[in-house]
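The block underneath contains the structure these notes are about, expressed in structure tokens.
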Amino acid sequence: MMMILFYVGKNCYCCSIDYVIEVIPKIPLKPLPHVPKYFLGLFNYAGESIAVVDFSSILSDKFSKNSMHTRMILLKNPLKDAKINILGLVAEEIVEVRDMEVEKFLSTGLKNGPLTFLEGIYNSDLDSIQQVNIPQLFTFIEAHS
């Protein structure tokens, strides 16, 4: 399966490119009042208001570094009747798109509390890569918005 790899801090994550619309530079956003702090704001994308969340802030309560490598991954929601159809996900560094064998992702055997979108670990020669389940990420975001 083709996966896009990205970093949050020193940790590498991936998700299927089937959900990726495009990767864009981080742009100015319209702030949203009274939402969890990981909601960074909204921007206009093809006439639609898109919510943007900071993946680092969801995981660790620390915001992503604001650097030239920080990008937004625009993700499409595969779930029908969803409140959020497209989501901007801020990641500190997009590494590459890689073909990864799904059966090589190993379960951690640990529960991640409310972060049910974090799935198995893929151990490569260079790093351990944790898979992000995008439908479950959308479910998490909608439940907390």
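Report the residue count in the stretch 1-35 for those that are of a type outside the set (Asp, Glu) and in a strand (DSSP E or B).
19
How many residues are in contact (Cβ under 8 Å) with a residue 60 or more places away in the chain and either over 20 Å from Phe117 (Cα atoms) or not in a loop (DSSP other than H, G, I, E, B) (or both) if we restrict to the stretch 36-54?
3
Take the residues in the stretch 1-59 that are over 20 Å from Leu106 (Cα atoms) and of a type in the set (Gly, Ala, Ser), then tell me which one is surrounded by the most Cβ atoms within 10 Å (Cβ to Cβ).
Per the stated criteria, the residue is Ser56.
Any idea which of Ser107, Ser145 is surrounded by 13 or more Cβ atoms within 10 Å (Cβ to Cβ) and either out of contact with any Cys (no Cβ under 8 Å at 6 or more places or on another chain) or of a type in the set (S, T, N, Q) (or both)?
Ser145
So, restricting to strands (runs of 3 or more DSSP E) that lie completely within the stretch 71-118, which ones have at least 3 residues that are out of contact with any Asp or Glu (no Cβ under 6 Å at 6 or more places or on another chain) and at pLDDT below 95?
Counting at least 3 such residues, we get 93-99.
Are any residues in the stretch 122-140 free of Cβ contacts under 8 Å to residues at least 24 places away in the same chain and either assigned to a strand (DSSP E or B) or of a type in the set (Phe, Trp, Tyr) (or both), and if so, which ones?
Asn123
The values are calculated or read from the model by the stated rules, or taken from the named source; none is laboratory data. Predicted, not measured: the structure shown is a model, and the values here were computed from it. FYI the Cβ positions are ideal-geometry reconstructions off the backbone, even for glycines, and counts take in every protein chain you see.
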